[in-house]
Amino acid sequence: MTSNITGAGSTATRRTAPGVVATGAADATGAADAAVVVDGLCVERGGRPVLGHLDLRIPAGMVTGLLGPSGAGKSTLMRAIVGVQAVRSGTVTVLGAPAGSAALRRRVGYVTQAPSVYEDLTVEQNLRYFARLAGVGRGRVEEVLAQVDLKSEQAALSGHLSGGQLSRVSLACALVTDPDLLVLDEPTVGLDPVLRRSLWALFDELAASGTTLLVSSHVIDEAARCDELVLMRDGAVLAHEGLDSLLARTGTTDAEAAFLALIDDAGIDDAGEAGPDAGSAGQQTPGSVGRPGPRHGVPPLARSRQDGEQR
Amino acid sequence: MTGTLVTARRVLAQLRHDPRTIALILVVPCVLMGLLAWMYHDHQPQVFDRIGPALLGLFPLVVMFIVTSVSTLRERRSGTLERLWTTPVTKGAFVAGYALAFGLMSVIQAVIAVGFSIWVCGLDLQGPVWQLIVVAVLAAVLGTCMGLLASGFARTEFQAVQFMPAFILPQFLLCGLLMPRDQLPEVLRWLSDVLPLSYAVDATKTLATSSDSGADVARDCAVLVGFIALAVVAGTATLRRRTP
């Protein structure tokens, strides 16, 4: 679980090789390598559009980062994918079935932004409840507790844990059912850099074993950790590609600058590059925008300050 | 079905970590009955015998209403409910799980409260004790199910607590305890006919005054069961897997 960044990079290279595809996505007709297909999704809240005609494909067996400022519609998109968001129009297909359908409820794991666990239950009781609901055996609970490094806290009342521990309990409650698709809304908020690194290593491990991960973050620098990036702003997708190709296309050296360049582009020429073009780039070659070597390692320590500011 | 049992078990496990709430559920009705017996003890012990059984229906109902509405609302607000909707649990199983867990607490509560009233406070009952226990349990389960329903209309814990006077006190005024229901103005009598607490109080009144109570009590209990079913169905209908 405590692997370093270079190690994580090597799993990413393995994953972008052709043929490494989660079996679960194979039944999605015409989208054999997409775990999630979003088509013309419109969501309104209080009469105000939150997502406007959004199209997106999320490749299977990879870590896709959903980045953008607060209010961009990231959480709403995630809620639509897990099937708890009331949708105005459009379709969301997950692992070949309509989002939220009964068949998916054992295959999709969802972790909300604020830790959603029972604070008056112990860590183990929380995990066991979600395991039992999905008909998962007791052994899996032990396994997941070890995975998120909470073995020593398993008998503690969740309400007595620190914020970081609590968010790991929340994550563990989703992991316990061994989902094919894991949707994580800002899972690393408020975690110290060491913990954050080990969580990203865990995400890499999961993706390497075929799980599809969609991870949102408003910390743009976490882009370096993802196989693919979806940049969102004002309810629309600005870009969907790997970090390398994004940097090359925008002529920038880090994700934040690239993001700003895309916003400037969109401002000058609405109908141009950033809009439909960026969207289709992701659709045509979701798996092929691989990164040649290790990831762009932004030193983890440099991030925590920014995290605090944006929060 | 599994979802129901698993959820009931989880709710009870949560309760186990909260001994103060357990104590409040079990002790408060006894304390109130004790106060009532003490009040009338010296001068009008017959008043305690007359209204005691009715209050044995009312107190558990109020306690369970509050406990249930606040705890399900807490689930809504903490995000755990939204997470649950992404798991295989069904809406019906969720509501039934809560009803089962708190229903179990209701049974314990009713047995203790009735036992305390009769053997400690000296409540003189004409009908059989077990029938009073049945009525008290049904009233408490009804409180649980109405609490589930009310929490569907509350956005905050603050509102949920205020639903208690809004839902329960009108029923208390019209249930026949303050004034016999057949002496109420006609419109209010019709109203009291469609309020569930009236039937709980009717049943306990019969038990207080008549030793041949079976048929009447059974009919009132059947009506209570009907109201419980209605509250469960309506409570389930207020839940939405998808929210804006």
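Where a number appears in this text, it was derived from the coordinates with a stated rule and is not lab data. Worth saying up front: this structure is predicted, and the values here are computed from it rather than measured. Cβ placement follows ideal geometry from the backbone for every residue including glycine, while neighbour counts extend to all protein chains displayed.
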Per residue of A:120-132, how many C-beta atoms from partner chains lie within 10 Å of its own C-beta, taken as a mean?
4
Could you name the aspartates and glutamates whose alpha carbon sits less than 20 Å from that of B:Lys205, not counting residues in the same chain fewer than 8 places away?
B:Asp49, B:Asp124, B:Asp182, B:Asp193, B:Asp216, B:Asp220
Amide H contacts of A:Leu182 (H built 1.01 Å from N, under 5 Å, at least 5 apart or other chain):
A:Gly109, A:Thr212, A:Leu213, A:Leu214
Calculate the dipole size of chain B relative to its Cα centre from +1 charges on Lys and Arg beta carbons and -1 charges on Asp and Glu beta carbons; express the result in debye to the nearest 20.
1360 debye
For the ranges A:256-265, A:173-182, what's the packing order if you count other beta-carbon atoms within 10 Å of each residue, average per peptide, and put the highest first?
A:173-182, A:256-265
Which value results when the Cα radius of gyration for the protein assembly as shown is divided by 2.2 N^0.38 Å?
1.19
Under the definition of partner shielding as Cβ atoms of other protein chains within 10 Å of a residue Cβ, what is the mean value for peptide B:236-242?
2
Here the averaged projected area of region B:1-126, based on the convex hull of its alpha-carbon atoms and given in nm², is 8.7 nm²
What average number of partner chain Cβ atoms lie no more than 10 Å from the Cβ of the residues making up B:4-11?
3
Over region A:108-178, what per residue volume does the convex hull of the Cα atoms give, in whole Å³?
73 Å³
Nearest 10 degrees is fine. How inclined is helix B:45-77 to the longest principal axis of chain B, computing both from alpha carbons?
10 degrees
Given a 10 angstrom Cα cut-off, can you work out which residue in B:Asp182, B:Asp220, B:Asp193 is the most mobile in a GNM of chain B?
B:Asp182
Expected output is a single nm value to one decimal: the length gained when fully extending between A:Ala257 and A:Ser70, i.e. 0.36 nm times separation in residues minus the C-alpha distance. What is it?
65.6 nm
Going by average Cβ density within 10 Å per residue, which order do the peptides A:74-83, A:107-116 take, highest to lowest?
A:74-83, A:107-116
In Å, the Kirkwood hydrodynamic radius from C-alpha pairs for chain B sits at 18.4 Å
Rg and Dmax [Cα atoms of region A:148-229; Å; Rg one decimal, Dmax integer]
12.8, 38
Amide N of region B:109-147 lying under 17 Å from the label point, which is placed 7 angstrom from the Cα of B:Asp212 along Cα→Cβ:
B:126-128
